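All remarks here apply to the structure that follows.
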Amino acid sequence: MQLLKRISLGVMSCALLASCMTDDQLKEKMTKIIKENPSIVLDSIKANPAEYLMTFQEAAKDAQKDMAKMRAKKEKEELEKTYENPLTPVIRKDELIRGPKKAPLTLVEYSDFECPFCKRGYTTVMELIKKYGNNIRFVYKHLPLSFHKQAKIASQYYEALRLQRGELAFKFHDELYKNQSKLKQGEKFLSKLAKDLGADMKRLKKDVSSKEVLDRIEQDEKEAASFGMQGTPGFVLNGVPVKGAYPASHFENIVEELKKRGKIKL
């Protein structure tokens, strides 16, 4: 930052030769001088390119750190609000729930089968299910993003399989994330996967584009939007939102905070 300071001091010296000024007046005068004489800065950059590059890189790093701090502060403030005013995802009567229906922890995910970050989210969900066992129930909801070409049809297959058997949809969900790269094959892969899992293919073909399936996905999308979920994955853990593919430890910290506040007992 020394280079920029030297330039500023040089410009300030020129300005101070004219008169005594307040800080605002001095800033205005400096801006005017540089605007009228851009060569002051341009010549300095040409004469010291390496030093300028280092200065701007340092400034960029500082800006990134400041933005990260601001983001963390904002997230903390939002988190604090939701502990006392939790979000309330709709758990339908026919909701496909993984785990005990009366578990003290409820994890709802809004996800996109084609999203690489959602694959990370899948790993995290499996870790949490393993850690909390019968104390957690998991609900998978849909937020297929428009720029992922196979995401919507994959969601349709999941819902069509749910209409057949919940266990079938669970297996489809897991296998799809384990073999996410194959999704680029589109329905060829989805159909084969469903068949290999033992689906009724005749019924699947009828249900996959049905109004019931499409309405279900649309309801999930609207709910996600109402919670400010724009990207994927998005989660709601006992009413507390988590936007992004955070590690299991992040969710564990939320659980501990819920316990500390007397919101849950495990």
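Okay, here's what the table says:
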item: Diffusion coefficient, µm² s⁻¹, Stokes-Einstein with Kirkwood Rh over alpha-carbon pairs of the chain at 20 °C and 1.002 mPa s; result: 96 µm²/s
item: Table column - 3J(HN,Hα) (Hz), segment 76-93, Karplus curve with 6.51, -1.76, 1.60, x for Gly and Pro; result: 5, 5, 5, 5, 4, 5, 6, 5, 8, 10, x, 6, 10, x, 6, 9, 5, 4
item: Segment 75-114: projected area of the alpha-carbon convex hull, averaged over directions, in nm²; result: 4.4 nm²
item: Among 229-235, 95-101, 61-67, the order from most to least packed when residues are scored by Cβ within 10 Å on average; result: 229-235, 95-101, 61-67
item: Using a Förster distance of 22 Å, the FRET efficiency for residue 130-residue 79 (Cβ separation, nearest 0.05); result: 0.35
item: Estimated D of segment 209-259 in µm² per second, where Rh is the Kirkwood radius over Cα pairs and Stokes-Einstein applies at 25 °C, 0.890 mPa s; result: 197 µm²/s
item: Spherically averaged projected area in nm², based on the convex hull that wraps the Cα atoms of segment 122-167; result: 4.0 nm²
item: Heavy atoms of residue 209 accessible to a 1.4 Å probe, total area in Å² rounded to 10; result: 80 Å²
item: DSSP bridge pairs, the chain: antiparallel proportion in percent, nearest 5; result: 60 percent
item: Set of lysines with alpha-carbon distance to residue 46 below 22 Å, sequence-local pairs under 8 removed; result: 5, 32, 35
item: Close Lys-Lys pairs in segment 217-266, where close means Cα under 25 Å and separation is 8 or more or interchain; result: 5
item: Karplus-derived HN-Hα couplings along segment 148-153 (A = 6.51, B = -1.76, C = 1.60, θ = phi - 60°), whole Hz, x at Gly and Pro; result: 9, 4, 9, 5, 5, 5
item: Dipole in debye (nearest 20) - the chain, about Cα centre, beta carbon charges: Lys, Arg +1; Asp, Glu -1; result: 920 debye
item: Förster radius 22 Å - calculated FRET efficiency between residue 145 and residue 101 (Cβ-Cβ, nearest 0.05); result: 0.15
item: Inverse of mean 1/r across different Cα pairs in segment 78-192, Kirkwood, Å; result: 15.1 Å
item: Mean projected area in nm² (Cα convex hull; one quarter of hull surface) for segment 135-237; result: 6.9 nm²
item: Kirkwood Rh in Å, taken over segment 187-231 so that all alpha-carbon pairs contribute; result: 12.3 Å
item: Computed lengthening from residue 205 to residue 117, 0.36 nm per intervening residue step minus Cα-Cα distance; result: 28.8 nm
item: 222 nm mean residue ellipticity, helices alone, for the chain (DSSP H n ≥ 4; -39,500 (n - 2.57); rounded to 500); result: -20500 deg cm²/dmol
item: Amide hydrogen neighbours beyond the local backbone of residue 137, cut-off 5 Å, H modeled; result: 105, 106, 107
item: Computed log₁₀ I(q)/I(0) - Debye formula, equal Cα scatterers, no solvent, segment 20-114, q 0.11, 0.13 Å⁻¹; result: -0.69, -0.79
item: Rounded to 10°, Cα long-axis angle of helix 23-36 versus longest principal axis of the chain; result: 90 degrees
item: Residues residue 69 and residue 42, FRET efficiency given R0 of 25 Å [Cβ-Cβ distance, rounded to 0.05]; result: 0.15
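The values are calculated or read from the model by the stated rules, or taken from the named source; none is laboratory data. Quick caveat: nothing in here was measured; it's all calculated off a predicted structure. Methodologically, a virtual Cβ is constructed for each residue, glycine included, from the backbone with ideal geometry; neighbour enumeration extends over all protein chains shown. Ligands, DNA and RNA are stripped out before the accessible areas are found, and what is left, the full protein with its side chains, is counted by its heavy atoms. Shrake-Rupley method; radii C 1.70, N 1.55, O 1.52, S 1.80 Å.
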